[in-house]
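So the structure is just underneath, and the comments pick up after that.
The values are calculated or read from the model by the stated rules, or taken from the named source; none is laboratory data. Model, not experiment: these values are computed from the prediction. When we count neighbours, we look across all protein chains shown, and the Cβ atoms used for this are built from the backbone with ideal geometry, even at glycine.
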Amino acid sequence: MLKFYFSSLLLFLGASVVFAQHQDSLTLVSAHWTKKKIAPKTFLFSFHFEHKDLFLSNQNINYIAVKRARRSPVPSFGYEVRELRSTSSFGEKNQAIAAINGTFFDVKNGGSVDFLKINGTIISKNKLEKNSLRAKHQQAALVIKNQSMDIQKWDGTDSWENEIEASDVMLSGPLLTLDSQDQLLDSTSFSKSRHPRSSIGLKPDGTLILLTVDGRNENSAGMSLEELRKVMRWIGCKSIINLDGGGSTTLWIKNFPENGIVNYPTDNKKWDHGGERKVANVILLKKKP
């Protein structure tokens with residue numbers, strides 16, 4: 001009898017989880033997203049889930065979708081070797097259409113702590129952890145080749161990033177999904193806790209997604225990496241990589257109000273658009289040459 005009770009309980013809990021995920025996916029895809037054109041074949045989608053109706057929490061999500069087409073903007077990387085600057089400043093400096101914060105960096109001294117190659121020149125190498133192992137954010141890469149973005153996974157070798165045949169490479173992570181195969185996430189607080197998040201995704205048709213989720217505020221709780229992965233999958237991404245999030249999370253669009261900041265960065269601990277954190281690198285969208 002006791003065995004039957006526990007079996008029934010497990011079945012009920014499993015069904016409840018599946019039902020909750022189904023409801024969350026329906027909530028996301030059926031939301032009345034605000035859609036604004038920012039460039040040819042390029043749109044900003046925004047929605048504020050403000051009734052605790054996504055993962056039982058408030059969530060504010062913005063993402064840019066770039067369809068692959070002849071006149072679409074092209075991705076590139078912006079960086080500083082030592083100086084830190086805001087994502088909006090990177091965007092303006094590089095005459096970009098839009099920008100999102102990039103990979104992890106040295107907050108004190110500046111510069112990326114992950115491998116970064118621009119125009120064939122290595123700007124920074126991986127700064128390994130004390131145990132000489134790669135961090136999770138050094139086990140995947142954003143690769144720009146022929147003006148298109150790709151997401152690649154570490155092959156386990158020490159020289160992997162040096163062997164990638166592309167002139168522009170930025171390591172980041174963790175890798176969440178690759179070619180529709182979800183990747184294993186660890187159980188650290190970084191993965192499990194809710195934080196502001198930034199992410200890049202690719203759809204099967206080549207559409208590029210740049211997404212931010214706000215957090216650390218009653219208006220938007222932020223997401224765990226598993227929740228972030230689900231959102232990106234529900235949007236339609238087959239490959240997904242996490243970027244440096246938290247206080248760095250910023251999405252900027254040229255000539256938009258509020259200095260172009262469309263999300264709610266958290267460094268000033270206010271629910272406004274003025275809390276940008278200075279960063280070392282960004283992903284840009286630029287007009288095709």
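Table: residues versus (1) surrounded by fewer than 24 Cβ atoms within 10 Å (Cβ to Cβ); (2) closer than 17 Å to N60 by Cα; (3) over 14 Å from the mean Cα position of the chain (by Cα).
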| position | (1), (2), (3) |
| --- | --- |
| R216 | yes, yes, yes |
| E226 | yes, yes, no |
| M232 | no, yes, no |
| G236 | yes, no, yes |
| I240 | no, no, no |
| L243 | no, no, no |
| G246 | yes, yes, no |
| T250 | no, yes, no |
Item to check | Candidates K136, K117 - the one that is in contact with a Gly (Cβ under 6 Å, 6 or more places away or on another chain) and not hydrophobic (A, V, I, L, M, F, W, C) | outcome: K136
Checklist outcome for this item: Taking the stretch 83-108 and keeping residues under 20 Å from H137 (Cα atoms) and assigned to a loop (DSSP other than H, G, I, E, B) leaves L84, G102, T103, F104, D106, V107, K108
Item to check | Sole residue being farther than 21 Å from N263 by Cα and of a type in the set (K, R), chosen from K130, K37 | outcome: K130
Checklist entry - When the stretch 162-180 is examined, which residues are found to be over 16 Å from N242 (Cβ atoms) and not in a helix (DSSP H, G or I)? => result I164, E165, A166, S167, D168, V169, D179, S180
Checklist entry - Which pairs have Cβ atoms under 9 Å, sit 6 or more apart or on different chains, and link a residue in the stretch 96-117 that is under 16 Å from A166 (Cβ atoms) to one that is basic (K, R) and surrounded by fewer than 24 Cβ atoms within 10 Å (Cβ to Cβ)? => result D114/K125; D114/K127; F115/K125; L116/K125
Next on the checklist: Taking the criterion of being touching a Phe, Trp or Tyr at 6+ places or on another chain (Cβ under 8 Å), in a strand (DSSP E or B), assigned by TED's automatic domain parsing to the domain that holds S199 and farther than 28 Å from Q23 by Cα, would at least one residue in the stretch 261-272 satisfy it?
Outcome noted: yes
Checklist outcome for this item: Over the stretch 249-260, the set of residues more than 20 Å from D106 (Cα to Cα) and in a loop (DSSP other than H, G, I, E, B) is K254, N255, F256, P257
Next on the checklist: Could you check the stretch 219-243 and list, in sequence order, the residues that are in contact with a Pro (Cβ under 6 Å, 6 or more places away or on another chain) and part of a strand (DSSP E or B)?
Outcome noted: N242
